[in-house]
Amino acid sequence: MRGTRFRVLFILLVVCLQIPAVGQEFSERQEIAIFRLSYYGQPITESPANLKVEIRGRRGSVTLELRGSGDPQIDQLFIRALGAVDERIRSTFINLGRFDIIGMNQRLTQRGVDDFIDVLTEFKRSQTELPEAVLLGQETFTETDFQQLVGGFVVVIPSVSWYSLTRLENGSFEAEIETSFSFINVENLTTFGQFFITTTGVDDVPEVAVKEAVDAISSELSFKLRSMPEFQIKTGILEVDGREVVLEFGRNMGLQPGDEYAIVSNRVLSTGHIAGTETGLIVISDVQAEFSLGQILYANPRAMVGDQLQEVARRGIELSGYLDAITDGLHPVTYTVGVRAVASRGFYALRPLAAVEIPFRGLFAETLLPVNVLLGGEWNLYLGRLKLTPSGAIGVGGAVPLSSDDELESFYLSHLGGQIRATGSVLITRDIQLYVEAGFVYWGSIYDNSVARLDGPLASYGGLLIGGGITFR
């Protein structure tokens with residue numbers, strides 16, 4: 001009897017010791033305080049005489065001068081760009097859905113981060129009354145501001161570290177904006193992350209070029225934030241039904257169809273450290289208010305209720321390189337190389353695609369680069385690591401002169417066409433899949449025969465298609 005009791009107690013002890021190793025971890029909405037955007041050396045249209053900014057801290061002080069570019073139009077455009085970048089940053093944090101935002105009205109430069117941490121440390125340590133106002137750089141902080149920050153989890157300090165607007169040789173404008181982000185953990189008052197985002201825009205109108213550079217910030221910032229371990233969603237499997245799973249969180253934490261989550265197996269080492277191993281991958285198929293449905297792409301061992309899931313950050317665009325052969329059985333085979341981009345984040349079965357390809361039809365001998373551009377969509381049937389994908393696209397074809405001496409046009413619009421494909425792919429690793437495909441393609445020539453030697457290379461072509469490629473997810 002005693003032996004039986006001892007065995008039962010031993011089993012219970014083992015189970016209890018294993019609970020921390022297999023327990024699920026769930027993310028919570030994080031409180032984020034975001035300062036307004038600042039710029040080191042911000043250009044202004046009129047520089048007041050002897051304008052200086054002094055940043056004071058326990059380590060000393062730094063004096064900066066603000067100055068303009070000398071071109072009022074460029075300076076005014078920059079000031080408007082600052083406001084646009086500011087709003088773009090805040091909207092990106094809000095749209096991710098996993099943060100509660102505290103908006104700070106102050107602007108704090110990167111050089112003032114250490115001084116800001118020093119003052120906040122003193123305030124947290126002593127909890128004594130501060131003077132009516134504390135000057136950090138150009139900004140004034142009150143005790144109320146610091147009380148608000150002490151209650152927050154993370155402080156975000158964005159700053160434009162580089163801005164330029166230049167005119168290119170062809171007369172168009174190129175805008176470049178480099179924005180840096182610093183993240184401070186208010187609990188332990190340490191800077192735990194910093195990264196830079198560089199975006200560009202090109203257009204004949206300078207305002208449009210700047211807008212393109214500003215608009216490009218959102219997607220890159222979203223990816224960078226979802227790549228940071230501190231901000232990645234951690235959740236777990238609630239139900240399993242064949243290859244379909246139910247997981248905690250939905251729109252309440254900003255999940256989207258097409259998001260991917262790794263199944264993670266954690267174990268406690270003898271040193272007390274936790275080692276995590278990825279054992280499977282799930283793609284989100286449907287998102288509800290507080291839960292989501294997912295399809296298991298692979299899992300070894302099989303997925304079970306209680307498994308830990310961790311977000312896998314993707315840029316939201318899957319890029320594929322491919323090589324196709326096209327023949328109608330009567331004419332020489334046309335070989336085509338191309339790059340296909342498919343939108344993945346926010347989409348599940350039906351996804352839009354775009355492709356650019358080069359058909360080899362003898363145009364290089366005429367110093368011409370043939371180009372086809374296509375737009376279309378695909379439908380995905382997931383079968384674990386295997387996937388079947390019928391797709392279709394329509395587009396235009398043409399040629400671009402490779403020689404500046406070409407006395408002809410700068411671009412030949414030569415074809416209208418389309419294609420249908422059936423693709424079979426296999427997921428080799430979490431980030432790479434290989435595929436083969438077959439289909440039918442036809443490109444009808446609309447070339448006006450103004451140059452006789454191009455009649456053959458720019459003639460209609462098409463037929464059966466067979467090919468394959470590799471996708472980087």
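Couple of notes before you dig in:
- Condition met for SER450 (more than 37 Å from the chain's Cα centre (by Cα) and modelled with pLDDT under 90): yes
- Selection of first residues in region 204-221 that are part of a loop (DSSP other than H, G, I, E, B) and of second residues that are surrounded by 19 or more Cβ atoms within 10 Å (Cβ to Cβ), restricted to Cβ pairs under 6 Å at least 6 apart or on distinct chains, gives the following pairs, ordered by first then second residue: ALA216/THR199.
- Reported count of residues in region 319-356, each being over 18 Å from the mean Cα position of the chain (by Cα) and of a type outside the set (Gly, Ala, Ser), is 17.
- Residue match in region 181-190 (condition: over 18 Å from LEU82 (Cα atoms) and at pLDDT 90 or above): yes
- Annotation: of all residues in region 236-262 being at positive phi and out of contact with any helix residue (DSSP H, G or I) (no Cβ under 9 Å at 6 or more places or on another chain), the one that is modelled with the lowest pLDDT is GLY242.
- Any chance ILE237 is surrounded by 14 or more Cβ atoms within 10 Å (Cβ to Cβ) and under 19 Å from the mean Cα position of the chain (by Cα): no
- Identity of the residue in region 179-197, within 17 Å of SER161 (Cα to Cα) and surrounded by 15 or more Cβ atoms within 10 Å (Cβ to Cβ), that ends up nearest to the chain's Cα centre (by Cα): ILE197
- Filtered by the rule that a residue be in a strand (DSSP E or B) and of a type in the set (Lys, Arg), region 411-447 gives a lone residue, ARG421.
- Test result for LEU225, under 27 Å from VAL156 (Cα atoms) and assigned to a loop (DSSP other than H, G, I, E, B): no
- Exactly one residue out of TYR335, TYR382, TYR348 is of a type in the set (Ser, Thr, Tyr) and over 30 Å from ILE282 (Cβ atoms): that is TYR335.
- Selection status of SER172, under 24 Å from ALA313 (Cβ atoms) and either in the same structural domain as SER91 (by TED's automatic domain parsing) or at pLDDT below 90 (or both): no
Conditions (1) out of contact with any strand residue (DSSP E or B) (no Cβ under 7 Å at 6 or more places or on another chain); (2) basic (Lys, Arg); (3) surrounded by 16 or more Cβ atoms within 10 Å (Cβ to Cβ); (4) assigned to a strand (DSSP E or B), marked per residue:
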site	(1), (2), (3), (4)
ARG351	no, yes, yes, yes
GLU357	no, no, yes, yes
ALA365	yes, no, no, no
LEU369	no, no, no, yes
LEU374	no, no, yes, yes
GLU378	no, no, yes, yes
LYS387	no, yes, yes, yes
SER391	no, no, yes, yes
VAL400	no, no, no, yes
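- Pairing residues of region 422-445 that are closer than 17 Å to GLY338 by Cα with residues that are of a type in the set (Gly, Ala, Ser) and in a loop (DSSP other than H, G, I, E, B), at Cβ distances under 7 Å and at least 6 apart in sequence or on separate chains, gives TRP443/SER460.
- Qualifying residue in region 235-253 (condition: more than 21 Å from SER27 (Cβ to Cβ) and either in contact with a Ser or Thr (Cβ under 7 Å, 6 or more places away or on another chain) or among the basic types (Lys, Arg) (or both)): yes
The values are calculated or read from the model by the stated rules, or taken from the named source; none is laboratory data. Just so it is clear, the model here is predicted, and its values are computed rather than measured. Don't worry about glycine lacking a Cβ; one is built from the backbone with ideal geometry, like all the others, and counts go over all protein chains shown.
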